[in-house]
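The values are calculated or read from the model by the stated rules, or taken from the named source; none is laboratory data. Note that the coordinates shown come from a computational prediction; the quantities given were computed from them, not determined experimentally. All Cβ positions, even for glycine, are placed from backbone atoms using ideal geometry, and neighbour counts span all protein chains on display. Calculation scope for accessible area: heavy atoms of the full protein, side chains included, ligands and nucleic acids excluded. Shrake-Rupley method; radii C 1.70, N 1.55, O 1.52, S 1.80 Å.
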Amino acid sequence: MTARKPMVAANWKMNKTAFEARELTQALLPELKKIEAVDIVLCPPFTNLSLACEQIAETDLKLGAQNMHWQEKGAFTGEISASMLADFCDYVILGHSERRQMFGETNETVNKKAHTALAHDLKPIICVGESLEQNQAGETAQVVETQCRESLQAITPEQAQNIVIAYEPVWAIGTGLAATPEGANEVHRDVIRPVLRDLFGAEIAEGMRILYGGSVNAENAGELFAMSDIDGGLIGGASLKADAFVAVVKAAAETL
Ligand code: PEP
C-alpha cells in the first residue's frame, strides 16, 4: 500500500490530427471524469492543447505537453516556451527517449528545461531509462542513476515535490515487450528512489511519484501498478484508443 496518489499520463506522441484528438478526448471523458482516485494527464500534440483545454474544463483531468524549450522567448523558430504551455498545461514531459535519441536531448538540456518549467508552474515528468545495449551490459542502474542526478541538478527539495519521474526502458517503448513488474520495481525502488532520497531527503522522496512506461496495456497494467514503487504509468500506444486507456487508468485506480 502506498500513500502516493497514482498517476497515469497519456503520451499521444506525433499522432492525431486536431479532429481525431478532439474525438479521442470526447470518447475518454465520460469514463475518466468519474475516476477521482488517479491523477490523469493527457499529453496531446501542441496543436491540440488549446481545444483539449476547453474539452476538459469541467473535469479534474490535466493536460501536459510533450516537450518545451528552456529559453523564455525569442529567436528559436519552431520551438514552444514554458509560458506558452502554462496557458493550457499543468505538466510537461521532458527527456523522453525519443527526444534523446532523435533530437539531441541530453541530461543537461532536460535539467535546463526542468528549471524553466518549474519557474512557470509546470510540473516536469522527467523520463529516464536505459537502452537495450546498456541493459544487456548490466549498466541499467548506473545509466538511470546518472540520468536522474544530472537531470535534477540544483533542484531544491521544495521544487522536487512538483516533479514526476518516469522510468521508461528504451527497449520496452512501443515494442510490446514491457519490463516485468519485479524488474521495473527494482529500478524504481533500488535505484531511482534512493537517488531521490539522497538529493531531497527521505520524506520528499517517499512522496514523489515514479511512473513506469514501456508497452503498458490493459492486460499488464494491474500487475505493474500493484508493485510497491510503481506509482502509475506513462502510456504511449495504449493511450491512442479510448477503451485501452480507460482500462489502464482503472487498473491504476484499483491499486489504491
Ligand atoms: C511512451 O511513449 O512513453 C511509451 C511508453 O510508449 P508505449 O506505451 O507505446 O511503449
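Post the alpha-carbon centroid distance, segment 33-75 to segment 176-247, in whole angstrom. If you average the Cα positions of each part, the centres end up 20 Å apart. For GLU72 and ASP121, the FRET efficiency from 1/(1 + (r/R0)^6), where r spans their Cβ atoms and R0 equals 25 Å, is about 0.95.
Summarise the accessible area of segment 9-62 (1.4 Å probe, protein heavy atoms) by the percent that is carbon and sulfur.
Working: 1440 of 2780 Å².
Its accessible area is 52 percent carbon and sulfur atoms.
For segment 3-51, the alpha carbon positions stretch 37, 20, 15 Å along the principal axes, listed from largest to smallest.
Full extension of the chain between ILE80 and ALA37 gives 12.3 nm of extra length, using 0.36 nm per residue less the Cα-Cα distance. A Gaussian network model of the chain, with springs between Cα atoms under 10 Å, assigns the largest mean-square fluctuation among ARG193, ARG99, ARG149 to ARG99.
Rolling a 1.4 Å probe over the heavy atoms of the protein chains gives the chain an accessible area of 46 Å² per residue.
At 0.36 nm per residue, minus the direct Cα-Cα distance, what do GLN136 and LYS5 gain on full extension? Give it in nm, one decimal, please.
Numbers: separation 131, 0.36 × 131 = 47.16 nm, distance 3.28 nm.
Taking 0.36 nm per residue and subtracting the Cα distance, the gain is 43.9 nm.
With a Förster radius of 25 Å applied to the beta-carbon distance between THR106 and SER228, the computed FRET efficiency rounds to 0.20. Estimated purely from DSSP H runs of n ≥ 4, each contributing -39500 (n - 2.57), the mean residue ellipticity at 222 nm for the chain is -11500 deg cm²/dmol once divided by its residues. Kirkwood hydrodynamic radius of the chain, from the reciprocal of the average inverse Cα-Cα distance over all distinct pairs: 18.0 Å.
A crude spin-label estimate for the pair PHE46 and ASP87, with each label 7 Å from Cα along the Cβ direction, gives 1.2 nm.
Here is the size of segment 125-213 from its Cα atoms: Rg then Dmax, 12.6, 37 Å. The charge dipole of segment 78-129, taken about the Cα centre with unit charges on the Cβ atoms of Lys, Arg (+1) and Asp, Glu (-1), comes to about 160 debye, rounded to the nearest 20. Among 80-88, 165-173, 37-45, 8-16, sorting by the average number of other beta carbon atoms lying within 10 angstrom of each residue, highest first, gives 165-173, 37-45, 8-16, 80-88.
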